[in-house]
1. Just for the range 293-481, what percent of DSSP beta bridges are antiparallel, to the closest 5?
2. With a ≥ b ≥ c taken as the square roots of the eigenvalues of the C-alpha gyration tensor of the range 183-257, please select rounded if a/c is under 1.5 and otherwise prolate if a/b is larger than b/c or oblate if it is not?
3. If R0 is 56 Å, what FRET efficiency do you get for residue 478 and residue 9 from their C-beta distance, rounded to 0.05?
4. Taking the highest mean first, how do the peptides 461-470, 410-419 order by number of other beta carbon atoms within 10 angstrom per residue?
5. Any idea how far apart residue 302 and residue 72 come out in nm if each label point goes 7 Å out from Cα toward Cβ?
6. Quick one: order 209, 430 by neighbouring beta-carbon count within 10 Å, fewest to most.
7. Could I get the Rg over Rh figure for the chain? Both from C-alpha atoms, Rh via Kirkwood, rounded to two places.
8. In Å and from the alpha-carbon atoms only, list the Rg and Dmax of the range 293-481.
């Protein structure tokens, strides 16, 4: 346990003198979320070195409190100083405090931040913790001169689309994690999260998934792992025991929500651009360039538009209310150059997703799923036909996976899929990671009066991204909403 030593509140009368100009020798930001004890706390610790009248002095500066309080007041919490005459004494106290806080009794864990919001004023805005290489590259790239942008030359329809998708992604993130988009990235109450810190959260979710899928769940283990997750990636949780209990990640749906949140974080960090301020300055040209794909508005008089609109409307088998608002041509160079053009049985199929996901889908493509929950049924993380990318031939099926944005519209992509030789399935078959030998894809056959099947809709699944390329993005609404 840390040696007991007088801790002076910052600004307290009678505190030993310490110069305003000082060096931060070392620093750390710690966080702990404990579901069982209703704790969601931070602790910043710094070792300062100062010079005054030829004498070197040292102090330990600490700043601690409840993480939720920082959301409304960045200066919340207790700030204290401990003073020392030698570096050895200061380092020994720093180490003792760090050990106490990160020991099994307190349970704090160090958080890596690209830019901290807590601690001394001098420390704020600087990196803290072990910064991963990806984040270091982004920090270094911000030193470049930001060019002055002229009025956008993008088609007004593309501008509207880009602003819409980015706004929805940012809103989804800020409402879930209590984060803000800044010039540097994703800012939580503690500071700017690093990519490495997000990846720590992903690893904890894998442990949570292993526990959640057990027939007999260990509630204590779920609470502990949920606390570990919120310790790694600070969230808005709340003060009440009811709020804390609700925060326990104990279902596949809860896991999917957190996985989506972390993927959204990674997507938004990825598109933040070399200048490091795309998300903050909301310059539509920069945001468009950061997507890394070409978007083109199809005129409603264009034969291709009319053909695709008809395809969307006529493919409905369970509804007849989907109404196309706009169609955009999509070109992601990597998808087009890596596409298995030589494979036969190519079809234009639909892929739907929630509106906040489209910045990511357009910038990095459609990912193989990690955890899938849909149709109101808890699936395994692999889906009904294993771990693949799923498509439908009915627009209403893909529309089910979408969600509307502020304008009341949703999005689905029209994707060219090389199915090759498809293996037909009438029974749900978990665990597939590739098609059976001799086949290139899998097809869950829809149940009809004449066909006995466990699939409510036709589902087409591929297991390598090279068998698909996005060709069009459809913005749609519903007849009753227009």
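1. Values: 35 of 41 bridges.
Percent antiparallel among DSSP bridges in the range 293-481 is about 85.
2. oblate
3. 0.45
4. 410-419, 461-470
5. 5.0 nm
6. Lowest count first: 430, 209.
7. Values: Rg = 26.3 Å, Rh = 25.1 Å.
Using Cα coordinates only, the ratio equals 1.05.
8. According to the Cα coordinates of the range 293-481, Rg and Dmax are 16.1, 47 Å.
No lab work stands behind these numbers, since they all come straight from the coordinates. If you're wondering where the values come from, they're calculated on a predicted model, not measured in any experiment. Positions of Cβ are backbone-derived with ideal geometry, glycine not excepted, and every protein chain shown enters the neighbour counts.
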